[in-house]
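Bear in mind these aren't lab numbers, they're just calculated from the coordinates by the rules spelled out. Being a predicted model, the structure only gives us computed values, none of them experimental. Counting neighbours? That spans all protein chains shown, and the Cβs are built from the backbone with ideal geometry, glycine included.
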Amino acid sequence: MLASGSGTNLQALLDDSSPDWSVVGVVSDRPHVQALERALAAGIPGVVVDWSDFQDRDEFTDAIADAAAAFEPNYIVLAGFMRILGEAAIHRFRHRIINIHPSLLPAFKGGRAIRDAIEYGVKTTGVTVHFVDEELDHGPIICQEAVEVMPSDDEATLHARIQRVEHRLLPAVVQSLALGQLEVVGRKVEGRVSP
Ligand code: GAR
């Protein structure tokens, strides 16, 4: 798992034990984040590749990819990882990196998707889990679920409802990947995610 912050999606995976998969390591781009504490508490190794130590984005994301590869994962899950991976890192793990994003892509790409949805005035937003490709928040979509935007919502209340959905969808997607139920065919993902 790659994480940058609170790591509630990491926690959702840690709490969803399955005989079919396990989290083997956590890589963070920042030290002292809660995601690393959650990994430590679960007895899972966590490493920091501090983005502020690098001048060049590709060098930084190559180092992130090296750190992830050291865990020999089948898949890499971006869960609140707020950096953009370079092409080399993406090609190295082609169709083996997934991302969870707090909007119904292709609407509201980027790092402020929830605020953007509220400011735009949409009545429905949601969650997308997708494979990562070279373009930001663009790769083949695995699953999506809608979340209603209430008139009274601010970023925090909407994010809380979105996260409840994220914490259910992400383990379901990981389970489907572990069982080999998903296949990327061009822009589409074939197969289904069990609820
Ligand atoms: C999640 O809500 C995820 O959708 C979002 O960051 C949050 C991380 O939460 N990701 C993005 O905005 C990616 N552009 P977490 O650290 O508690 O899992």
In a shell of Cβ-Cβ distance under 12 Å around residue 44, excluding residue 44 itself, what net charge do Lys and Arg (+1) and Asp and Glu (-1) give?
0
Per the Kirkwood definition applied to all pairs of different Cα atoms, how many angstroms is the hydrodynamic radius of region 148-195?
12.6
Would you kindly derive the ³J(HN,Hα) couplings of region 149-159 from the backbone phi angles with the Karplus curve 6.51 cos²θ - 1.76 cosθ + 1.60 (θ = phi - 60°), listing them in order in whole Hz, with x for Gly and Pro?
9, 8, x, 7, 5, 10, 4, 5, 5, 5, 4
Which far-off residues, 5 or more places away or on another chain, put their amide H under 5 Å from the one on residue 133, with H placed in the peptide plane?
138, 139
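Which is the longest stretch in the chain that no exposed loop site breaks, taking sites as GluC sites (Glu not before Pro) with a DSSP loop state and at most 16 other Cβ atoms within 10 Å?
Numbers: sites that count: 134, 135.
The longest such stretch corresponds to 1-133.
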Distance between modelled label sites at residue 55 and residue 152, nm, 7 Å Cα→Cβ extension
5.3
Could you pull out every residue, at least 5 positions away or on a different chain, whose amide H is within less than 5 Å of the one on residue 82? Hs are placed 1.01 Å off N in the peptide plane, and Pro or chain starts have none.
4
In sequence order, calculated HN-Hα J values of region 124-134 (Karplus, 6.51, -1.76, 1.60; Hz; x Gly/Pro)
9, 10, x, 10, 10, 10, 8, 6, 8, 10, 6
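Take every DSSP beta bridge with both residues inside the chain and express the antiparallel ones as a percent of the total, to the nearest 5. Please report the intermediate quantities before stating the final value.
On the way: 15 of 24 bridges.
Bridges in the chain are about 60 percent antiparallel.
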Give the distance, in whole Å, between the Cα centre of region 1-38 and the Cα centre of region 94-167.
19
Give me the percent of Cα-Cα pairs in the chain that sit more than 21 Å apart, rounded to a whole number.
50
